[in-house]
Amino acid sequence: MGNNGVEKVVIIGSGPAGYTAAIYAARASLDPICFVGVPKQNPSLVLPGGQLMLTTDVENYPGFPEGVSGPEMMESFKKQAARFGTRLVDADITRCEFGERPFVLHTSDNKTVRAHSVIIATGATANWIGLDNEMRLAQTGGGVSACAVCDGALPMFRNKRLAVVGGGDSAMEEANYLTKFASTVYVIHRRDEFRASKVMQERLLGHKNVTVLWNKVVTDVLGGEHISGVALKDTETGEASNLEVDGLFVAIGHTPATKFLSGTGIVLDDKKYIKLSGQGSATNIEGVFAAGDVADSVYRQAVTAAGMGCRAALDAERWLAAQGVE
């Protein structure tokens, strides 16, 4: 903590971005405090540690040739941040006052924290259908995922029948990626035409192993330890049917965790992600930085989030030095 009880840097959120920011800030002798958050329940599945807490096997993060479970990786990140002196607090920041300096942050356990600088790394959550068995299988690694690029190449999905729910560009990207591994990719869409761009549609529909199921919604996810299929309902006729699949990828968008920033003056883009100034991590408010999926609607990968956390900590360190904060 700095002079007069004011923190040099407060990190809001955990996951690859928050913990990496904490590691860099701690090694720079900024004595960071990191609010890792508290668990929230279905359907949003917001967990301390971020989206990787729902990923059974991570095989695309450098340095883990045999793969690693998402929760195990996040525990390692957390321990590394703590090793260098980061103070980890199991609470959320519910409200921020950026109109005065030092900044004033309000916690979920009714405390206030004052800070010279803030790094926001609260992430984004996948939008789920909200079915009980969908949520259960997503949590247990039973073949339900919200990220094909993260999970689609896993052995459990190779040469299998996979389904993607959605009709936008992200759904097209997810389904297109899965065509490399699946025997069949079913794209389930509630309407009779996609919202995605024509280019993305044409790219996907050019694959021979893609089948589109128009005017269908998923009403249930079937299976015990692993998904065995989905129950469907026709949006025009109301007819019910079952589709046998070995994996389900929900691609109906993400929601960045920026609600708590309402009224703070932080500029968001049209999707409610934090808008960054230039190539760095700075927001429109001096001394406030952002990292990870809360400011990234494009890549949403653990490795890119970690890189952004590094940038935010370095930017904060340089900004504090320029302000004469020792």
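The values are calculated or read from the model by the stated rules, or taken from the named source; none is laboratory data. Everything quoted here is computed from the prediction, not taken from an experiment. Please note: Cβ atoms are built from the backbone with ideal geometry, for glycine as well, and neighbour counts cover all protein chains shown.
For this structure, a couple of remarks:
- Any hit, the stretch 263-282, residues being at pLDDT 95 or above, within 23 Å of residue 26 (Cα to Cα) and within 23 Å of the chain's Cα centre (by Cα): yes
- Test set (1) assigned by TED's automatic domain parsing to the domain that holds residue 95; (2) of a type outside the set (Ser, Thr, Tyr); (3) surrounded by fewer than 15 Cβ atoms within 10 Å (Cβ to Cβ) - residue 236 fails condition number: (1)
- Residue 311, sole failed condition from (1) touching a helix residue (DSSP H, G or I) at 6+ places or on another chain (Cβ under 8 Å); (2) closer than 22 Å to residue 74 by Cβ; (3) of a type outside the set (S, T, N, Q): (1)
- Number of the condition not met by residue 215 [criteria: (1) without any contact (Cβ under 8 Å) to a residue 40 or more places away in the chain; (2) out of contact with any strand residue (DSSP E or B) (no Cβ under 6 Å at 6 or more places or on another chain); (3) not charged (D, E, K, R)]: (2)
- The criterion of being outside the structural domain of residue 86 (by TED's automatic domain parsing) and under 30 Å from residue 281 (Cα atoms) holds for residue 174.
- 2 or more residues of a type in the set (Val, Ile, Thr): qualifying strands (runs of 3 or more DSSP E) within the stretch 67-182: 93-97, 103-107, 112-120, 161-165
- Filter pass, residue 222 being surrounded by fewer than 19 Cβ atoms within 10 Å (Cβ to Cβ), touching a strand residue (DSSP E or B) at 6+ places or on another chain (Cβ under 8 Å), farther than 30 Å from residue 121 by Cβ and of a type in the set (A, V, I, L, M): yes
- When we screen 199, 187, 144 for residues that are without any contact (Cβ under 8 Å) to a residue 60 or more places away in the chain, touching a helix residue (DSSP H, G or I) at 6+ places or on another chain (Cβ under 6 Å) and closer than 25 Å to residue 297 by Cβ, the only hit is 187.
- In this structure, residue 202 does not satisfy being surrounded by fewer than 16 Cβ atoms within 10 Å (Cβ to Cβ) and not in a helix (DSSP H, G or I).
Every residue, every condition in (1) small (Gly, Ala, Ser); (2) surrounded by fewer than 13 Cβ atoms within 10 Å (Cβ to Cβ), yes or no:
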{"residue": "218", "(1), (2)": "no, no"}
{"residue": "231", "(1), (2)": "yes, no"}
{"residue": "255", "(1), (2)": "no, no"}
{"residue": "262", "(1), (2)": "yes, yes"}
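- Residue in the stretch 290-301 that is over 18 Å from residue 52 (Cα atoms) and surrounded by 13 or more Cβ atoms within 10 Å (Cβ to Cβ) present: yes
- The residues on offer are 66, 97, and the sole one that is over 29 Å from residue 217 (Cβ atoms), free of Cβ contacts under 8 Å to residues at least 12 places away in the same chain and either assigned by TED's automatic domain parsing to the domain that holds residue 21 or touching a helix residue (DSSP H, G or I) at 6+ places or on another chain (Cβ under 6 Å) (or both) is 66.
- Hits in the stretch 182-194 (condition: surrounded by fewer than 21 Cβ atoms within 10 Å (Cβ to Cβ) and either hydrophobic (A, V, I, L, M, F, W, C) or closer than 18 Å to residue 232 by Cα (or both)): 184, 190, 191, 192, 193
- When 292, 287, 265 are checked against the criterion of being touching a residue at least 40 places away in the same chain (Cβ under 8 Å), in the same structural domain as residue 100 (by TED's automatic domain parsing) and closer than 30 Å to residue 140 by Cβ, a single residue qualifies: 292.
- Odd one out for residue 281 among (1) in contact (Cβ under 8 Å) with a residue 60 or more places away in the chain; (2) of a type in the set (Ser, Thr, Tyr); (3) out of contact with any Leu (no Cβ under 7 Å at 6 or more places or on another chain); (4) surrounded by fewer than 23 Cβ atoms within 10 Å (Cβ to Cβ): (4)
- A Cβ distance below 6 Å, combined with a sequence gap of six or more or placement on separate chains, defines the contacts here; from the stretch 163-181, residues that are more than 18 Å from residue 243 (Cα to Cα) and surrounded by fewer than 24 Cβ atoms within 10 Å (Cβ to Cβ) reach residues that are of a type in the set (Lys, Arg) and at pLDDT 95 or above in the pairs 181/158.
- Condition check for residue 90: touching a residue at least 24 places away in the same chain (Cβ under 8 Å), of a type in the set (Asp, Glu) and under 18 Å from residue 18 (Cβ atoms): yes
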